[in-house]
1. In the list Met313, Met321, which residue meets the criterion of being farther than 15 Å from Leu208 by Cβ, buried (at least 19 other Cβ atoms within 10 Å of the Cβ), within 19 Å of the chain's Cα centre (by Cα) and aliphatic (A, V, I, L, M)?
2. From Arg368, Arg373, Arg293, which residue is more than 30 Å from Val227 (Cα to Cα), open to solvent by 10 Å² or more (accessible area, probe 1.4 Å), at pLDDT below 95 and in contact with an Asp or Glu (Cβ under 8 Å, 6 or more places away or on another chain)?
3. Tell me which of these Thr112 doesn't satisfy, since it passes every other one: (1) polar (S, T, N, Q); (2) open to solvent by less than 20 Å² (accessible area, probe 1.4 Å); (3) farther than 17 Å from Val201 by Cα.
4. Working only within region 188-207, note down all residues that are more than 14 Å from the chain's Cα centre (by Cα) and crowded, with 21+ Cβ neighbours inside 10 Å.
5. Name, by its number, the condition in (1) more than 14 Å from the chain's Cα centre (by Cα); (2) at pLDDT 95 or above; (3) surrounded by fewer than 24 Cβ atoms within 10 Å (Cβ to Cβ) that does not hold for Pro142.
6. One residue is enough: does region 209-229 have a residue meeting the conditions modelled with pLDDT of 95 or more, open to solvent by 40 Å² or more (accessible area, probe 1.4 Å) and among the β-branched types (Val, Ile, Thr)?
7. Condition first: in contact with a strand residue (DSSP E or B) (Cβ under 7 Å, 6 or more places away or on another chain) and within 16 Å of Leu176 (Cα to Cα). Now tell me which residues in region 117-146 satisfy that.
8. Could you figure out which of (1) in contact (Cβ under 8 Å) with a residue 60 or more places away in the chain; (2) exposed (fewer than 15 other Cβ atoms within 10 Å of the Cβ); (3) more than 24 Å from the chain's Cα centre (by Cα); (4) closer than 19 Å to Ala204 by Cβ isn't true of Trp400?
Amino acid sequence: MSFISRLGQGAQTEAGNTGLIVAGTAIATATLLAALRAYLWPTPPKIARSPLRTLLPGLSQDEFNKLEYKPDNFPGARDVETPYGSIRVYEWGPLTGDKVVFVHGISTSCITLTKLANALVEEKGCRVLLFDLFGRGFSDNPSDLPHDDRLYTTQLLLALASSPDLSWTGPQAFRLVGYSLGGGIAVHFAAAFPHLVSSLVLLAPAGLIRPESFGALTRAVFTSGLVPPRVLAWITRHRLKKPIRSSGKRGGGTTSLTTKTKPDPVTASLTETAPLLTTTPTASEPPNALEQRVLRAVHWQLAHHPGFVAAFMSCIRHAPMVGQHGAWAKLADRPPGTTTIILGEADEIIDPEEYAADALPLLGGLERGVGWRIVLGGGHDFPMTFARETLGEIYSAWGWE
């Protein structure tokens, strides 16, 4: 073999080896990227089961007794099996009483509404219905679906249809009370099924929070979809472990309604449990009771509910928290005197002045009989910390004074 021939053969061999190296590198890179994508963008389970199935069956009696939120926290408990997973529902009170449905907020179970629900039963003889939103408390999380107004409106209908004792449908069937995110959900439900809702009461309702309140960077991180879900889950979980102090007028402090700095979406959601860090409150009710229980329950579901963080993040992206002007405008068609908005004077996220400017025109204004009430000194947590004042406003709106 000539020198030229041997040189050509060597070049071919080297080219072949280079090709193998390039091909191997490409395969390894593709495999690594696929593994990284699978890790950062995992495929969620269709349904993430609640601790009622995944944890509670294995608890000892002592461990069960230490739970802040137990399956029998309210009377009339039932688990409603649906295509979206199981829903934890509570229904109690006289069968002949006025029917009232409550919808709770983004970061807690329905335990936040304990004082209001119990008072309506004990003081006014109401029949009340509460349920845990998907991914909270003892309700499963349909992880493969966006947590938007459609999902939660459907969940509310499923809870109503599950009653074994009486019908919750028909003309003017019940009064609807929504708190925080629950207020935003209640707006959509009342707009979709106005004939069912005889009276609508919104407590610090989400829906018209101004997007700029959160800041462009924060909104991009939580709503753009560009941040990998696993990274965003880590950020969310870390933030949820550190609830903030309420900025409401507590402990003798004051808060300017015009100079408040709005928290990010995760921090904002924690205002439901923020007062738990307050040691010298001036609210009309003692601290360290329901409020402390709620905070511990939030931390518990953060650690033990497989679907909670995913549901929370999906709500930040899809739930009716901002830009819901269309749904709110439909409330203007409700009969005068059947819609009431109750806000906290020192709310950390639902600013009364901003809501007066943005919501009242959509609802038709005070001349349309819209109830507009302010709980003095109340932060976003006022349904817990100013429960008696909140009940007073609800009773007044319903003519029960």
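1. Details: Met321 fails: farther than 15 Å from Leu208 by Cβ.
After ruling out the rest, the residue left standing is Met313.
2. Matching residue, one of Arg368, Arg373, Arg293: Arg293.
3. The failed condition is (3).
4. Of region 188-207, the ones more than 14 Å from the chain's Cα centre (by Cα) are 188-202.
Across region 188-207, the qualifying residues are His188, Phe189, Ala190, Ala191, Val197, Ser199, Leu200, Val201, Leu202.
5. The failed condition is (3).
6. Within region 209-229, the subset modelled with pLDDT of 95 or more is none.
Scanning region 209-229 turns up no residue that is modelled with pLDDT of 95 or more, open to solvent by 40 Å² or more (accessible area, probe 1.4 Å) and among the β-branched types (Val, Ile, Thr).
7. Listed by number, the residues that qualify are Ala117, Leu120, Val121, Cys126, Arg127, Val128, Leu129, Leu130, Phe131, Asp132.
8. Exception for Trp400: condition (4).
The values are calculated or read from the model by the stated rules, or taken from the named source; none is laboratory data. A quick note: this is a predicted structure, and the numbers were derived from the prediction, not measured. Heads up, the Cβs are rebuilt from the backbone with ideal geometry, glycines too, and the neighbour counts pull from every protein chain shown. Surface areas here come from the heavy atoms of the whole protein model, side chains and all, with no ligands, DNA or RNA. Shrake-Rupley method; radii C 1.70, N 1.55, O 1.52, S 1.80 Å.
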